[in-house]
Amino acid sequence: MSAAVTVCPHPVDTRTPRVPANLAYSLTLPAALASPAVARSATRTILEAHGLDDVTTAAVQVVGELAACACLFTPDDSVYLSLRYRDDALRISLYDGHPRHTHRRLAAACDGRRRSALLLLACVMHACDGEWGFGESAEPGDGTRLWAVSPRAGARAYGQAA
């Protein structure tokens, strides 16, 4: 039996463990009704691959709420999801193309609509001892960034209570 031959001069290390510390994923999703379900499914798969089964219940709920809000508000054809695990917390960001309103009253009304759309998210994050918010985003390509940071211990407790 002969060894595998490759034309690549740099060896590929296939032994890199899928641990929480190297969880860093980004997805571009269409701004469509099915996208929150796709985002939830992808999140579940990613977390399980990185040994974070204990935070899956909370994370899937958070991703679904953020994705639904982003798809609802974006005037663009797509939204952008980012999942990162740093400092023993899952960091979730969704970006949509809805720019901040320059008129103060319009901005306040729009923010109120977003907060109303994210009431369930607020409850989940409170139960997880996490933080969440939204605001202007310069990346990727202007619009609004919605984010949530869920400590692992809080997300684990949320999943056990559910």
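So here's what we get for this one:
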item	result
Carbon/sulfur fraction of accessible area - the chain, other protein chains in place, 1.4 Å, %	55
Mean separation of Cα contacts under 8 Å, 6 or more apart, over the residue count of region 29-162: relative contact order %	28
Nearest-20 debye value, region 68-162 charge dipole, Cβ charges on Lys, Arg, Asp, Glu	260
Between 0 and 90°, nearest 10: helix 56-73 axis offset from the chain longest Cα axis	50
Net charge contributed by nearby residues that have their C-beta within less than 11 Å of Ala24 (K/R +1, D/E -1)	+3
Charge tally in the Cβ shell below 14 Å around Arg86, where Lys, Arg are +1 and Asp, Glu are -1, Arg86 excluded	0
Solvent-accessible ranking of Cys71, Cys123, largest area first, probe 1.4 Å	Cys123, Cys71
Per-pair calculated FRET efficiency, R0 = 35 Å: Arg113 and Asn22 via Cβ, rounded to 0.05	0.40
Descending semi-axes in Å of the chain, equivalent ellipsoid built from Cα gyration tensor	32, 21, 13
For region 76-162: accessible area per residue (Å², 1.4 Å)	57
Dipole magnitude of the chain, debye to nearest 20 (Cβ charges: Lys/Arg +1, Asp/Glu -1, about Cα centre)	220
Using θ = phi - 60° and Karplus 6.51 cos²θ - 1.76 cosθ + 1.60, couplings along region 108-124 (whole Hz; Gly, Pro as x)	5, 5, 5, 4, x, 5, 5, 4, 4, 5, 10, 4, 5, 4, 4, 5, 5
Principal-axis tilt of helix 152-161 within the chain, Cα atoms, nearest 10 degrees	80
Helical contribution to [θ] at 222 nm, DSSP H n ≥ 4, -39,500 (n - 2.57), averaged over the chain, rounded to 500	-13000 deg cm²/dmol
Between region 125-162 and region 53-108, the Cα center-to-center distance that results, in Å	8
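The values are calculated or read from the model by the stated rules, or taken from the named source; none is laboratory data. Model, not experiment: these values are computed from the prediction. Note that each Cβ is placed from the backbone with ideal geometry, even for glycine, and that neighbours are counted across all protein chains shown. Side chains included, ligands, DNA and RNA excluded: accessible areas come from the protein's heavy atoms. Shrake-Rupley method; radii C 1.70, N 1.55, O 1.52, S 1.80 Å.
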